1. So which trypsin sites (Lys or Arg not before Pro) in the stretch A:175-284 pass both tests, a DSSP loop state and at most 14 other Cβ atoms within 10 Å of the Cβ?
2. Run the simple label-point estimate for A:Gln271 and B:Leu108 please: 7 Å along Cα→C-beta, distance reported in nm.
3. How many angstrom lie between the C-alpha centres of the stretch A:35-76 and the stretch A:132-198?
4. Sorted by packing (mean other beta-carbon atoms within 10 Å per residue), highest first, where do A:82-93, B:52-63, A:159-170, A:198-209 land?
5. What does the charge count around A:Gly206 come to, taking other residues whose C-beta lies under 11 Å from its C-beta (Lys +1, Arg +1, Asp -1, Glu -1)?
6. Among A:Gly42, B:His98, A:Ile185, whose Cα projects farthest towards the positive end of the dipole of the protein assembly as shown, with charges put on the beta-carbon of Lys, Arg (+1) and Asp, Glu (-1)?
7. Taking 0.36 nm per residue of separation and subtracting the Cα-Cα distance, what length does fully extending A:Val258 through A:Arg139 add?
8. Among B:64-77, A:246-259, B:120-133, how do they line up by average Cβ neighbours within 10 Å per residue, starting with the highest?
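The values are calculated or read from the model by the stated rules, or taken from the named source; none is laboratory data. Because the structure is a prediction, the values reported are computed rather than measured. Note: ideal-geometry Cβ built from the backbone for every residue, glycine included; neighbour counts use all protein chains shown. Protein only, heavy atoms only, side chains kept; ligands, DNA and RNA dropped before computing areas. Shrake-Rupley method; radii C 1.70, N 1.55, O 1.52, S 1.80 Å.
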Amino acid sequence: MAFFVRHKKPSSLKPIANPYPSRLQRWRHSLGLSFILIIIVGGLLRFYSPFYEVIQQRLFEVTAWVQGMAFQPFQETHALLKNTHTFMYLKEEYARLQKENETLRSQLQTLKALKHENGILRTNLKIPAFETYGHITARIISTPYDGLKHFFLIAAGHHESVGKDQAVIVPEGVVGRIEKVGEHIARVLLINDVSSRIPVMTSLSGQQAILAGDGSFSPTLVYVEDIRQIQKGEEVVTSGFGGIFPPGLPVGIVDNVVNGKITVKSYIPFQKLEWVHVLKPNFEDFHKDMSALLEEE
Amino acid sequence: MRFLFGCLRSFPFLSVLYVIIVGCSLNIGGHPLLPAFFLIPVFYWLVYRPDWLPLWSLCCIGIFYDSLLGNELGVSSLLLMLSAYFGQYLRPLLNPYHFPLIWGGFILYSLGYIILYGCLVSGGLSLLVSWMYGIVLYPLMAWGLSYLHLWLQANV
C-alpha cells in the first residue's frame with residue numbers, strides 16, 4: 001500500500017478548504033455569472049450557423065495543429081527508427097524492390113495491351129470516358145477516437161489541393177472520404193463510421209447497395225436490390241454512383257448474411273495504416289476525352 | 001512574478017489538455033481510453049484545487065475535446081461545467097485523505113458523466129469499457145498528479 005502513501009499523509013497534500021474567500025469569487029465560480037454568460041454566449045454562437053461554422057473550422061485547424069505538434073517528436077523518432085532499420089537491411093530491401101519492379105514491369109506490359117484494347121472497344125461501342133484520377137499521398141497524423149467517431153487526421157489540406165468529399169484509398173481498397181479540410185490538415189471519415197454511406201455493388205451477383213458504417217469493423221449493406229442473390233465471400237466494390245468514389249474500387253468481402261443483415265469485412269488494416277492516397281479528379285483529361293469523343297460523333 | 005505564478009497555476013489546465021492529446025490515440029483491445037481517461041485529472045483538480053481549474057478552463061477543455069473528437073461543440077463543455085457546479089456541493093462530503101472514498105467518488109462521477117455523454121452523443125459499449133479503464137487507471141494517474149500538486153503547492 002506504499003503506492004497510496006501520498007494520499008494518506010495529511011502533512012504533504014493540502015486540499016484547499018475554502019478556495020473562494022471573497023463573495024465575488026464565490027459568485028463567479030458558483031455558476032452565478034460565469035455559467036450563465038458562457039451558456040448564453042455559447043448558445044447564441046451555436047445557433048447562429050455562419051459564425052458557428054467559421055468557429056468550428058478554425059477550432060478544427062487549431063486543435064489538429066496542436067495535436068500534430070504534440071505527436072511530432074514521437075513520429076520523428078518512429079521515422080528515425082524505421083530509417084535505421086531500413087538502412088541496416090538495405091541489401092535485402094534492394095533485392096525485394098528489384099523483384100517487385102520486375103513483377104510490376106511485366107504487369108505493365110499486360111496492362112498496356114489491355115488499355116489499348118479497352119480504348120478500341122470504348123470507341124466502337126461509343127462509351128463515354130470515365131473521369132480520370134490523380135492522387136496525393138498523405139501521412140496519417142493521428143486517429144483520435146473515443147468510441148464514437150472513426151476518423152483519421154492526415155497531413156494534407158487546402159495547400160495540397162485536397163478538397164471536401166474526395167475519396168481516400170490505400171492499395172488494399174477504400175478507406176473513406178475527406179470530411180473536413182484545413183490549410184495543411186484534413187479529417188478522413190472512415191467507411192466504418194456510423195455516418196459513412198458509400199454506394200457499392202457486389203462483383204458476382206451485381207447487386208447494388210449502400211455500405212453503411214455501424215461503428216464496428218464490419219460495416220453492413222443496406223438498400224440491397226435482392227438479398228437472396230448475395231453470397232458469402234463475394235467481393236464488394238464501389239459502384240461509382242454519387243460521384244465521390246470511382247467505380248470498381250475494392251471495399252471488402254461479404255462476411256455474413258444473417259436474417260437479412262449483410263456484414264462486410266473490410267480489406268483495410270486500419271490499425272496499421274501510416275499513409276493514404278487522396279484521389280483527385282483530373283477534370284482536364286476528362287474534358288479532353290469527352291471533347292474528342294464528341295468531335296468524333 | 002505574478003505572470004510566473006499565473007503560468008504555474010495553468011498547469012492543471014495544461015495537464016488535462018495533455019491527457020486528452022495523448023489519450024485520444026490510445027486504445028486497449030480496440031476500446032478507447034477516452035473519455036474516462038481525461039476525467040481523472042478533471043476530478044482530481046476539482047476535488048483538491050477547484051480554484052486552479054476554473055469554469056472558463058473547463059469550458060475551453062470541453063471545446064478542445066469536442067473539436068478534436070469531431071463532436072458537436074459545447075457538449076463536453078456543458079458536462080464539465082456541470083461537474084464543477086455539482087462538485088462544489090459534493091466536495092465537502094469527500095475526505096481528501098481517505099483514498100478509497102475519493103476513488104469511489106470518481107467511480108460515481110465518471111459513471112454519471114459517461115451516461116450523460118452517451119445519451120447526448122449516442123455512445124455505446126466503448127464508453128462503458130472506457131469507464132472501466134478509467135477506474136483502473138485512476139490510482140496510477142492520481143499518484144502522478146499528486147506529485148504535480150505538491151510541486152505547485154510549494155511554488156505557487
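1. A:Lys232
2. Simple spin-label model gives 3.7 nm for this pair.
3. One Cα centre to the other: 19 Å.
4. Those peptides, ordered most packed to least, come out B:52-63, A:198-209, A:159-170, A:82-93.
5. -3
6. Farthest towards the positive pole: B:His98.
7. Roughly 39.1 nm would be gained on extension.
8. B:64-77, B:120-133, A:246-259
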